[in-house]
1. If each residue of separation counts as 0.36 nm, what is the full-extension length gain between GLU127 and ASP78 once their alpha-carbon separation is subtracted?
2. Using Stokes-Einstein with the Kirkwood hydrodynamic radius over Cα pairs, what translational diffusion coefficient do you get for the range 47-138 at 4 °C and a viscosity of 1.567 mPa s, in µm²/s rounded to a whole number?
3. Can you give the local net charge around THR40? Use residues other than it whose beta-carbon is closer than 12 angstrom to its beta-carbon, Lys and Arg +1, Asp and Glu -1.
4. Hey, what do the phi angles of the range 33-43 turn into as Karplus ³J(HN,Hα) couplings, whole Hz, using 6.51/-1.76/1.60 and θ = phi - 60°, x for Gly and Pro?
5. To the nearest 20 debye, what is the magnitude of the charge dipole of the range 39-112 about its Cα centre, counting +1 on the Cβ of each Lys and Arg and -1 on the Cβ of each Asp and Glu?
6. Figure the gain on full extension for ASP52 and SER115 (residue separation times 0.36 nm, minus the Cα-Cα span) and round it to one decimal in nm.
7. Assuming R0 = 41 Å, what is the FRET efficiency of THR106 and THR32, from their Cβ-Cβ distance, to the nearest 0.05?
8. Sum up the charges of everything whose Cβ sits under 11 Å from the Cβ of ASP53, counting Lys and Arg as +1 and Asp and Glu as -1, but leave ASP53 out.
Amino acid sequence: MKLLQSILSLTIIVTVFSCSSDDDSSSGGGNTATTAELLTTGIWYQESRTPDDFTDCEKNSSVKFNTDNTISVESFSDDTGTCESEGTDSATYALNGMSLTITIGTEVITATINSISETSLNITDDEGDTIVFDKTQG
């Protein structure tokens, strides 16, 4: 649940669907991917958080934004002394410009996407934490 909260705040309140006109340049010749397209390009792994960083174990936690506005979140923790998956949770998200809204049950998390590329996602959640995701596990 800790990862899910981070990811949702992570701008993972990524109300990612309704924005095909919000363009962020991807590296490459002339083709510009939208924020929604970049968001749904695969699995995003937690890399860093400011002010409090993730443990090496928590960096295995991931979020996958789907084109149907659902999210799959897998959290890892080492509370027992061993890094283990806490399972996968589902949520929904909405993307409006660079604002992301994630809904998990009755909890709503909002975030702002500061930047996004094919390999990096940087968000600031509604608690003021800045979270960076990348495509590399761990």
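Read-outs throughout are calculated quantities, based only on the coordinates presented, and are distinct from any laboratory measurement. Just so it is clear, the structure is predicted and the values come from calculations on it, not from any experiment. Don't worry about glycine lacking a Cβ; one is built from the backbone with ideal geometry, like all the others, and counts go over all protein chains shown.
1. Gain in length upon complete extension: 15.3 nm.
2. On the way: Rh = 13.9 Å.
For these conditions, the coefficient is 93 µm²/s.
3. Values: positive: LYS64; negative: GLU37, ASP68, GLU118.
So the surrounding residues net to -2.
4. Couplings: 8, 7, 4, 4, 5, 5, 4, 9, 7, x, 8 Hz.
5. On the way: 3 positive and 13 negative charges, 87 e Å.
Roughly 420 debye for the range 39-112.
6. Values: separation 63, 0.36 × 63 = 22.68 nm, distance 1.98 nm.
Gain on extension, ASP52 to SER115, equals 20.7 nm.
7. Numbers: r = 37 Å, r/R0 = 0.90.
Here the calculated transfer efficiency is 0.65.
8. Numbers: positive: ARG49, LYS59; negative: GLU47, ASP52, ASP56, GLU58, ASP129.
Once all neighbours under 11 Å are counted, the net charge is -3.
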